[in-house]
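J.: Let me begin by handing over the structure; questions about it come next.
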Amino acid sequence: MVDNRNRPLEWLHRNSVAALSKFEPERRRSIGLGALRLGMPLPAAPAFPLLRTEFLNLELPNPVGVAAGFDKNAVVVDQLLKAAFGFVEAGAATPEPQEGNPRPRLFELSEDRAVINRFGFNNDGMRAIAARLKARKRRGIVGINVGANKDSANAVDDYCRVLECCGPFADFATVNVSSPNTPGLRNLQKPKKLKKLLERVLAVRDELPGKIPILLKISPDLSDDMVDEIARASLESKVDGLIATNTTTERVGLKSRYACETGGLSGKPLFELSTRTLAVMYRAMEGRIPIIGVGGIFSAEDAYKKIAAGASAVQIYSAVSFHGLPILSQILSGLNEIAESRGLDRISQAVGTENSHWV
């Protein structure tokens, strides 16, 4: 059950989302992040013992995190942790600041509960982001999503530079080779290139003050054979974890007038595709490497399906864009109820239990 003391704040957040609907989507995002940064009141964080999760030797209060891209520049990390996210992933960060692609580059497909973005790794650059991560005041698990500059002469070097700069102030780092909005980036998912990249990144990680886990974020637009190849490359490179998945370039069954816009599609239409990719990867890994499931989670039932397909933790993004921060409390309380109804001592007992439904 949601704490009644939170109801006024939930009303505030829901109505803030409605009020901001008059602005174009990217402007709306900027206003929302600014309000959080300036101290917009947040609901009290619910605590559910059944949802406590250990992931890569990191202790999470719950398995629901906020995905990379929501807080690109690490400006509201502490506020998101206060709002009860189990963990936060900032970024993607690139070595040098970059503006990204021309506007408009963010489209909300309300009829489809979906979002298309073609931001192109717009961010303040690794130095500014590292300084903000270093200055954090609140305890909690925070990761950094690592990318490459669009005009980079050597993408592998870019990943290593960002990790060297931001890694000392993060609890984990994600190698993002799956964004569809940076030309040529997804080519790094090819096994030989991927192994070379991961070997370099892991070597840099080993020189950091703390040996943080390295995760790999994959595309949902992969054949099963390609998923198997990435699984082998990940195991051979000894990467610590995976994130399944990034956005998709597929456009199936969409109703919105923005359906043909280029960029990565996220939100509800991504759920089936991303969850199946997650399940195929979990089976290929035989559970040896933990996976974060992301893509189209709008409810506790969605989150549980990801976990049962093979995710040790999950992330949300589009649901917050549509429904505001109160959606998190709804997902957490619902997930706790599902765990109780199934007689689980820990939500982690559900990981992979329904994998065969998807593959």
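J.: So what are the ³J(HN,Hα) numbers for the stretch 261-269, from phi and the Karplus equation (6.51, -1.76, 1.60; θ = phi - 60°), rounded to whole Hz, Gly and Pro as x?
T.: Each residue's phi maps through the Karplus curve to give 5, 6, x, x, 8, 10, x, 4, x Hz.
J.: So, one more: If you restrict to DSSP beta bridges whose two residues both lie in the chain, what percentage is antiparallel, to the nearest 5?
T.: Numbers: 13 of 42 bridges.
About 30 percent, rounded to the nearest 5.
J.: Then there is this: Per residue of the chain, what 222 nm ellipticity follows from adding -39500 (n - 2.57) for every DSSP H run with n ≥ 4, rounded to the nearest 500?
T.: On the way: 11 runs with 130 residues, N = 359.
One gets -11000 deg cm²/dmol as the mean residue ellipticity at 222 nm.
J.: For Arg118, Arg346, Arg139, write out the residues from largest to smallest accessible area, computed with a 1.4 angstrom probe and no ligands counted.
T.: Values: Arg118 50, Arg346 100, Arg139 220 Å².
Heavy-atom accessible area, descending, gives Arg139, Arg346, Arg118.
J.: Once the whole set of protein chains is in place, how much accessible area is left on Leu56, using a 1.4 Å probe, in Å² to the nearest 10?
T.: Taking all protein chains as shown, Leu56 has close to 40 Å².
J.: Oh, and also: How big is the antiparallel share of DSSP beta bridges in the stretch 152-297, given as a percent to the nearest 5?
T.: On the way: 1 of 12 bridges.
Within the stretch 152-297, antiparallel bridges account for around 10 percent of the total.
J.: If you don't mind, another one. Need one word for the stretch 216-296: rounded, prolate or oblate. Basis is the Cα gyration tensor (sqrt eigenvalues a ≥ b ≥ c); a/c below 1.5 gives rounded, then a/b vs b/c decides.
T.: Values: a/c = 2.58, a/b = 2.43, b/c = 1.06.
Prolate, because a/c is 1.5 or more and a/b exceeds b/c.
J.: Using C-alpha positions alone, give me the convex hull volume of the stretch 153-220 per residue in cubic angstrom.
T.: Numbers: hull volume 6.0 nm³, N = 68.
Here the figure is 88 Å³ per residue.
J.: In addition: Identify all lysines with a Cα-Cα distance to Lys211 below 16 Å; exclude those on the same chain that are fewer than 8 residues away in sequence.
T.: Output for Lys211: Lys238.
J.: Could you give the accessible area per residue of the stretch 277-359, probe 1.4 Å, as a whole number in Å²?
T.: On the way: 2820 Å² over 83 residues.
It amounts to 34 Å² per residue over the stretch 277-359.
J.: Related question: Amide H to amide H, which residues 5 or more places from Ala92 or on other chains are under 5 Å from it, using H placed in the peptide plane?
T.: So Ala92 has HN proximity to Gly69.
J.: Would you mind checking Lys72/Lys305; Lys217/Lys305; Lys150/Lys306 for any pair whose Cα atoms are more than 22 angstrom apart? Display every interim value, and only then the final one.
T.: Numbers: Lys72/Lys305 27 Å; Lys217/Lys305 19 Å; Lys150/Lys306 32 Å.
Long pairs (Cα-Cα over 22 Å): Lys72/Lys305; Lys150/Lys306.
J.: Along the stretch 61-67, what does the Karplus equation 6.51 cos²θ - 1.76 cosθ + 1.60 (θ = phi - 60°) give for ³J(HN,Hα), rounded to whole Hz, x for Gly and Pro?
T.: My calculation for the stretch 61-67 gives x, 7, x, 9, x, 9, 6 Hz in order.
J.: Under 1.5 on a/c is rounded, so check that first for the chain, then, if it is not, pick prolate when a/b is larger than b/c and oblate when it is not; a ≥ b ≥ c are the square roots of the alpha carbon gyration tensor eigenvalues. Please list the in-between numbers first.
T.: On the way: a/c = 1.27, a/b = 1.13, b/c = 1.13.
The shape class here is rounded.
J.: Turning to a different aspect of this structure: Let me make sure I get this right: for the stretch 85-147, a, b and c are the square roots of the gyration tensor eigenvalues over alpha carbons, sorted descending. Under 1.5 in a/c it's rounded, otherwise prolate if a/b > b/c, else oblate. Which is it?
T.: oblate
J.: Once amide H atoms are built 1.01 Å from N in the peptide plane, which residues 5 or more positions from Leu216, or in another chain, come under 5 Å H to H?
T.: Counting only residues 5 or more places away or on other chains, the set is Val175, Gly241, Leu242, Ile243.
J.: Leaving out ligands and nucleic acids, and using a 1.4 Å probe, what accessible area per residue does the stretch 166-229 come to in Å²?
T.: Numbers: 2640 Å² over 64 residues.
Accessible area per residue, the stretch 166-229: 41 Å².
J.: Within the accessible area of the chain, what % is carbon and sulfur when the probe is 1.4 Å and the other protein chains stay in place?
T.: Reported share for carbon and sulfur atoms: 50 percent.
J.: Kirkwood hydrodynamic radius of the stretch 313-359 from all distinct Cα pairs, in Å? Walk me through the intermediate numbers first.
T.: Working: mean 1/r = 0.0812 Å⁻¹.
Value: 12.3 Å, from the Cα pair sum.
J.: When you count, for each residue, the other Cβ atoms within 10 Å and take the mean per peptide, how do 289-295, 62-68, 337-343 rank with the highest first? Don't skip to the end; give the middle numbers.
T.: Numbers: 289-295: 28.1, 62-68: 26.0, 337-343: 13.7.
Answer by packing, highest mean first, reads 289-295, 62-68, 337-343.
J.: Measure of size requested: the Rg and Dmax of the stretch 135-176, with Cα atoms as the atom set and Å as the unit; please supply both.
T.: When restricted to Cα atoms, the stretch 135-176 yields Rg and Dmax of 11.7, 37 Å.
J.: I'd like to know which of Met285, Ser237, Cys165 lies farthest towards the positive end of the charge dipole of the chain, counting +1 on Cβ of Lys and Arg and -1 on Cβ of Asp and Glu.
T.: Cys165
J.: Please report, in debye to the nearest 20, how large the charge dipole of the chain is about its Cα centre when each Lys and Arg carries +1 at its beta carbon and each Asp and Glu carries -1 there. Don't jump to the answer; show the numbers that get you there.
T.: On the way: 47 positive and 40 negative charges, 152 e Å.
In total the dipole reaches around 740 debye.
J.: Also: Using only protein heavy atoms and a 1.4 Å probe, report how much of Glu59 is accessible, in Å² to the nearest 10.
T.: We get 120 Å² for Glu59.
J.: Determine the per residue accessible area of the stretch 69-110 with all protein chains present and a 1.4 angstrom probe, expressed in square angstrom.
T.: Working: 1280 Å² over 42 residues.
Per-residue accessible area for the stretch 69-110 comes out at 30 Å².
J.: Any chance you could run the full-extension gain for Glu96 through Ala131? It's 0.36 nm times the residue separation minus the Cα-Cα distance, nm to one decimal. Walk me through the intermediate numbers first.
T.: Values: separation 35, 0.36 × 35 = 12.60 nm, distance 1.41 nm.
That works out to 11.2 nm of additional length.
J.: Cβ under 10 Å from Ser178's Cβ, Ser178 left aside: what net charge do those residues give with Lys, Arg +1 and Asp, Glu -1? Before the final figure, lay out each step's value.
T.: On the way: positive: Arg186, Lys217; negative: Asp221.
In short, +1.
The values are calculated or read from the model by the stated rules, or taken from the named source; none is laboratory data. Bear in mind that the values here come from a model prediction, so they are computed numbers and not experimental data. For neighbour counting, all protein chains shown are included, and Cβ atoms are generated from backbone atoms with ideal geometry for every residue, glycine included. Protein only, heavy atoms only, side chains kept; ligands, DNA and RNA dropped before computing areas. Shrake-Rupley method; radii C 1.70, N 1.55, O 1.52, S 1.80 Å.
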